[in-house]
1. Limited to the range 141-162, what total is found for residues that are under 25 Å from TRP67 (Cβ atoms) and not β-branched (Val, Ile, Thr)?
2. Give the residues of the range 522-581 that are among the charged types (D, E, K, R), over 24 Å from PRO486 (Cα atoms) and either touching a Ser or Thr at 6+ places or on another chain (Cβ under 9 Å) or assigned to a strand (DSSP E or B) (or both), sorted by residue number.
3. Might you let me know whether the range 90-108 holds any residue that is part of a helix (DSSP H, G or I), modelled with pLDDT of 90 or more and not aliphatic (A, V, I, L, M)?
4. Tell me, which residue of the range 457-492 that is closer than 21 Å to ARG207 by Cβ and charged (D, E, K, R) is surrounded by the fewest Cβ atoms within 10 Å (Cβ to Cβ)?
5. If you scan the range 445-485, which residues turn out to be more than 21 Å from THR159 (Cβ to Cβ), free of Cβ contacts under 8 Å to residues at least 24 places away in the same chain and touching a helix residue (DSSP H, G or I) at 6+ places or on another chain (Cβ under 6 Å)?
6. Would you check which residues across the range 204-219 are of a type in the set (S, T, N, Q) and either at pLDDT 75 or above or closer than 19 Å to LEU487 by Cα (or both) and list them?
7. Out of the residues in the range 505-516 meeting the condition of being at pLDDT below 85 and over 20 Å from the mean Cα position of the chain (by Cα), tell me which one is surrounded by the most Cβ atoms within 10 Å (Cβ to Cβ).
8. With (1) aliphatic (A, V, I, L, M); (2) buried (at least 17 other Cβ atoms within 10 Å of the Cβ); (3) at pLDDT 85 or above as the list, and LEU420 as the residue in question, which single condition is left unmet?
Amino acid sequence: MQTPSLQLNQLNGTLGQFNSSPKLQTGDIVHGKVVKWHPNQVAEVQIGNKRLMAKMDVPLEVGKGNWFQVEVKDNSVLLKVLPSGTESQGKTNIDQLLQALKLPIDKTMKQLVSLWLGQQQSLNKKGLEQAYQFLKENGSASESFQTIKNLLQANKPITSLTLQASNAMINTSSMSQTLIELEASLHQLPSTDKRVAQLLSTIQGIRDATKGVTKEAVQQFQTKFVEEVLNPSSKTGQQLSELLQSTYPKNYSSNESNKSLALAHSINQVIFGKESSDIIQKIAQQKGNLTGEQKEFLTQIVRTLPNGEGKAMFLEQVAKNSLTGENAVRMISNLTVETLSSSSIGREQLTSILTSTYKTEQPLTQFFTKLLLHQQNHQQLPIDVQEWIQTTTEQIMAKVDKGSTTPLLSIISKMLGTDLENQLRNQTVVTSLIDEQLKPNLLKILSDPSFASSKEQIESIIAKIQGGPLFSGDNGPQHHVTMNLPLLLQEKPLDLTLKWEGKRLDDGSIDPDYCRILFYLDLPNLHSTIIDMNVQQRIVNLTIYTDKAEEAEVRASALMEKIEGGLASISYTLSSLKWKLPSEETVEQRTNRLWSSSSYEGVDIRV
């Protein structure tokens, strides 16, 4: 959350070396000089390399530098000269400046002011007080000063929240590791708490998405599973049905002994349609050999069956009271498979198949995800089932990878709730989807005593999520986005920090033909790694900085064809891939790019 400011004077250039337009607000301390006097004590004042018109409280010598305190009133700027002594022989007297501002005069505050002035920023008393308090609470180590410097470089206001977010981006443990710690802590809480269940589900969703198993892939696998189970001639389908019920027997809520009927029973919850009342009443009145639960099922399922000879025969046998439970299962299974294969039922309707048969949806989602990831003890499964899972997985993943319009990073970002505030402001988020996002759920429980044991992890994760948007924004025609995303890999959870910049298109996205991206990773084998990706006219140049550049280059040569093919499939051409050992200067330059709001500059382009 930013401090309120009144933007009355928006300079076209910089304050000193800054490339973004400063916002003058009451209480700011700026250094400048009078260039020319006008009537009524109005002067043209130069601040940095830009000029503005301001009213002065006292007459001053033209060309002499002074420190001013800003007061914004009635759409005009009043500059009050600070007491003499704040500048001597062209150098700032920090002690006198602090005394004039009535701020503490000690080593920490002097270092803070020196840092502030070094960034060519206008001083703000409230900001100085917040930063000073932050240093007192967190220690005056170099990391704490770097936290403040990052905000100044990005031309962001200094508040307790921005300091917390900036600090979380560089000084706390990785978000992925903190998520795992939070997950372990949540498992110690009552599983009946819906908030706990939702958080665990979201964290698991992030883990699955990291592995490429998106919700779309799980849904497609689930649909294939049901189609196979409901195929009466499929031996594999029967084995899959037995596998499901043996895996989660406690969650199975149906009393029906016939497994196929129990599975078919759930179909009506998904492909539910309307039928004439006389047919419904006719079936409801039948007694025969069916139980009350089965009769209720038949009453509902008939609405979903396709019209034709199969349905007519089914109704005829019901009317003759000659339809046994076993025959009902066989006919319904055949008709349901026909419905699934011939009707225009959407995937969205089929995604909740089987859910009604079980007490909660979570076990089913976990079950299908494990099958899709080949984590369900595959070697112990029947050969037919192993082959079916392998073939189905390959088909689905190939289809999802090829047809996906939502990149992995975007999926994880949405699950975190990174851009939630903007979505709510622009009314572009579906309210029901908010419950699936991590950030709003964490905010709900932040002050709840029930989650006191997890408060440290919750605060850290929230701050991490807020850090990305804090260092994103517009700079003239350029739009830059910073993201910090957890990748919950099984081998080693890690964070991906990236920033990209390019021209904003009319739809708000970055021009994919001309952009630059920086990736910051701590990989299991390559360790600290920076990937610099430059795109010009869809031609890609990659430079990768790592301590193991020579070894990595040799091993990566075998992957070049795959990399080129992957880029070509989305209409990009790989021009070069260079591996370099990172010098201390290189790492510092590119790390500074992460926090800077500056635009392209020379060869060493900002992302």
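The values are calculated or read from the model by the stated rules, or taken from the named source; none is laboratory data. These numbers were taken from a predicted model, which means no experiment stands behind them. Here the Cβ positions follow ideal geometry from the backbone for every residue, glycine too, while neighbour counts run over all protein chains shown.
1. 9
2. ARG538, GLU564, LYS578, LYS580, listed by residue number.
3. So far as the range 90-108 goes, yes, one or more of its residues are part of a helix (DSSP H, G or I), modelled with pLDDT of 90 or more and not aliphatic (A, V, I, L, M).
4. By that ranking, first place goes to GLU491.
5. Result: no residue meets the conditions.
6. Result: GLN204, THR210, THR214.
7. So, considering only residues that are at pLDDT below 85 and over 20 Å from the mean Cα position of the chain (by Cα), the one surrounded by the most Cβ atoms within 10 Å (Cβ to Cβ) is LEU505.
8. Among (1) aliphatic (A, V, I, L, M); (2) buried (at least 17 other Cβ atoms within 10 Å of the Cβ); (3) at pLDDT 85 or above, the lone unmet condition for LEU420 is (3).
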